[in-house]
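The values are calculated or read from the model by the stated rules, or taken from the named source; none is laboratory data. Small disclaimer: the values here were computed from a predicted structure and weren't measured. Here the Cβ positions follow ideal geometry from the backbone for every residue, glycine too, while neighbour counts run over all protein chains shown.
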Amino acid sequence: MNAFALISCNISKDICAIVQCKNGGKCEISDSRHRCVCADGYLGDECQYADGRANDFIVIFHEAYSSPSPRILPTGNRKGVLSVFYFANNNKVSVALNLADDHYILNSNVLMTNGLHQAGAELQSNVKITLYGFVFVRHFSEGFLVLPTCFASANYIIPSFTVSSRNSICQSLFSLSPVYLNTVVKINFKMKHGSISYANMQYANNQTLTLVLNKYSTFQIWHSSDLTGTSIIASKPIVVVSGNRCNYITSKGSCQPFIEMVLPTNQLDNVYVIPYLNYRLRNTVRVLAVNDTNFALKNGNNLSRNVLKSRDFRDYFHTTISYISSESDVMIHIYPHELSNNHGDAFMMTIPGINQYLYDYDFIVPKDFESFISISVPTNAVDGFVLDGNFVNLKNIFSISEEEHHFSSFSIPISSGPHHITHREKTRFGLWVYGNYTNQEAYGYPAGMAFKT
């Protein structure tokens with residue numbers, strides 16, 4: 001062995017002695033380069049992300065207009081058993097997880113109204129799954145990705161949307177539930193006008209409501225003004241859902257509930273590609289800052305640089321594909337506008353960042369909808385997708401480039417039921433599921449995401 005090879009070998013060994021692969025990953029040397037080989041369920045250069053498949057979940061819903069049917073859509077690659085514990089009556093039921101099943105209807109006692117209630121369910125699966133929540137009723141349906149309990153945290157910023165004045169049933173709202181007993185929750189409200197009343201007290205903008213909550217209790221509050229930017233700080237982890245009880249964007253269609261499970265502030269990213277959504281060429285994207293930050297927005301061929309103060313947001317009009325890069329982490333949601341001829345309502349959907357993409361997804365598409373998937377992926381890997389064992393034919397691919405990032409996005413129809421998608425080159429990509437239900441109906445949610453550990 002010559003001196004150079006000996007030095008290279010020693011450097012490689014030293015690197016593996018220094019590099020800390022997380023979550024059980026192992027450092028390996030190949031061609032004088034090191035890499036972390038991640039344990040099952042983890043990914044990233046240092047195995048610092050988990051793939052989001054988990055055993056334990058807390059499912060809560062905020063109030064939605066009408067009387068929807070609350071549902072869960074569990075999916076995985078193995079049969080198993082799911083235990084459902086209801087907060088309201090301490091009742092526990094078991095559900096068989098069959099690979100062909102795609103939904104389970106929950107007891108209506110999980111549905112919330114304003115105030116403090118025992119409403120929600122704790123779920124435990126004996127196999128790892130991805131889980132979605134869904135509210136279904138003709139003309140008023142929506143869905144969301146459920147956060148695994150292990151990634152619940154104590155710090156949140158509320159996303160919602162501008163409240164339409166068209167109808168008295170339109171409110172901005174959120175619900176939250178603690179993971180543990182004796183949890184102190186401090187809610188610092190952000191609102192443009194008016195005040196919120198709770199327990200005979202009035203709370204105006206920048207005033208704080210303090211609660212002490214116990215496990216299996218859920219709190220909800222709403223307001224006629226947009227609550228986006230409201231801060232929640234808890235002494236222990238909590239789970240949060242937010243959005244709008246019912247809302248419009250352009251008032252063309254029917255009123256639609258907006259609901260998403262909120263990502264805690266430690267599960268956000270600073271680089272995003274907002275995908276192309278088939279049939280949905282008119283969208284509002286909201287960029288919400290956690291801390292003071294500068295961000296760059298590329299939308300079509302236009303590049304702008306913007307400043308956001310902590311808890312402030314910026315809305316912009318999105319058509320096919322756009323790109324956001326921020327100095328610090330931000331939260332992104334997309335709000336597709338109502339379609340013409342009452343073919344689909346507006347809805348709310350979370351956009352994970354590019355560092356939160358997965359290598360593959362098991363996902364569920366709900367029944368009774370005209371549904372699509374949307375994908376964003378590095379442009380050099382736009383081919384090679386394998387859906388349910390078959391290569392995917394693509395058309396209408398939209399691309400964007402900024403700095404070192406080159407991404408493309410496309411959208412294709414998808415049938416209802418369980419699906420699996422991967423890439424033959426083991427490329428990470430973002431995946432969203434959305435659809436319309438004949439006239440005046442819609443839903444949308446991310447199919448999954450990687451979580452920081």
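What to note about this one:
- Checking every residue in segment 100-109 against the condition of being in a loop (DSSP other than H, G, I, E, B), among the aliphatic types (A, V, I, L, M) and more than 19 Å from the chain's Cα centre (by Cα) gives at least one match.
- Checking Ile400, Ile421 one by one, the residue that is among the β-branched types (Val, Ile, Thr) and over 30 Å from Asn23 (Cβ atoms) is Ile400 and no other.
- Residue that is nearest to Phe87 (Cα to Cα), among those in segment 190-211 that are among the aliphatic types (A, V, I, L, M) and either surrounded by 15 or more Cβ atoms within 10 Å (Cβ to Cβ) or not assigned by TED's automatic domain parsing to the domain that holds Lys309 (or both): Leu211
- Matching strands (runs of 3 or more DSSP E) fully within segment 399-453 where at least 1 residues are in contact with a helix residue (DSSP H, G or I) (Cβ under 8 Å, 6 or more places away or on another chain): 405-414, 417-423, 430-436
- Meets criteria (within 19 Å of Glu260 (Cα to Cα) and not in a loop (DSSP other than H, G, I, E, B)) for Ser177: yes
- Those residues of segment 212-238 which are among the aliphatic types (A, V, I, L, M), in contact (Cβ under 8 Å) with a residue 40 or more places away in the chain and either outside the structural domain of Gly194 (by TED's automatic domain parsing) or assigned to a strand (DSSP E or B) (or both), in sequence order: Leu213, Ile221, Ile232, Ile233, Ala234, Ile238
- Candidates in segment 255-281 are the residues that are surrounded by fewer than 19 Cβ atoms within 10 Å (Cβ to Cβ) and more than 14 Å from the chain's Cα centre (by Cα); of these, the one that is nearest to Ile334 (Cα to Cα) is Leu281.
- Counting the residues of segment 101-140 that are surrounded by fewer than 18 Cβ atoms within 10 Å (Cβ to Cβ), more than 22 Å from Cys255 (Cβ to Cβ) and either aliphatic (A, V, I, L, M) or out of contact with any strand residue (DSSP E or B) (no Cβ under 9 Å at 6 or more places or on another chain) (or both) gives 3.
- Out of Val377, Val307, Val287, sole residue that is of a type outside the set (D, E, K, R), part of a strand (DSSP E or B) and surrounded by fewer than 22 Cβ atoms within 10 Å (Cβ to Cβ): Val307
- Of all the residues in segment 380-424, those that are surrounded by 14 or more Cβ atoms within 10 Å (Cβ to Cβ) and either among the hydrophobic types (A, V, I, L, M, F, W, C) or outside the structural domain of Asn98 (by TED's automatic domain parsing) (or both) number 15.
- Residue list for segment 316-361, restricted to those being of a type in the set (D, E, K, R) and either part of a helix (DSSP H, G or I) or buried (at least 21 other Cβ atoms within 10 Å of the Cβ) (or both): Glu338, Asp345
- Scanning segment 146-161 for residues that are surrounded by fewer than 24 Cβ atoms within 10 Å (Cβ to Cβ) and either charged (D, E, K, R) or in a strand (DSSP E or B) (or both) turns up Pro148, Ser153, Ala154, Asn155.
- Top-ranked residue of segment 16-71 - restricted to ones that are in a loop (DSSP other than H, G, I, E, B) and hydroxyl-bearing (Ser, Thr, Tyr), ranked as farthest from Val135 (Cα to Cα): Ser32
- On inspection, Pro352 passes the criterion of being farther than 23 Å from Asn98 by Cβ and either among the polar types (S, T, N, Q) or assigned by TED's automatic domain parsing to the domain that holds Ser340 (or both).
- Residue count for segment 13-47 under the criterion of being out of contact with any Gly (no Cβ under 9 Å at 6 or more places or on another chain), of a type outside the set (Gly, Ala, Ser), farther than 22 Å from Val127 by Cα and in contact (Cβ under 8 Å) with a residue 24 or more places away in the chain: the result is 3.
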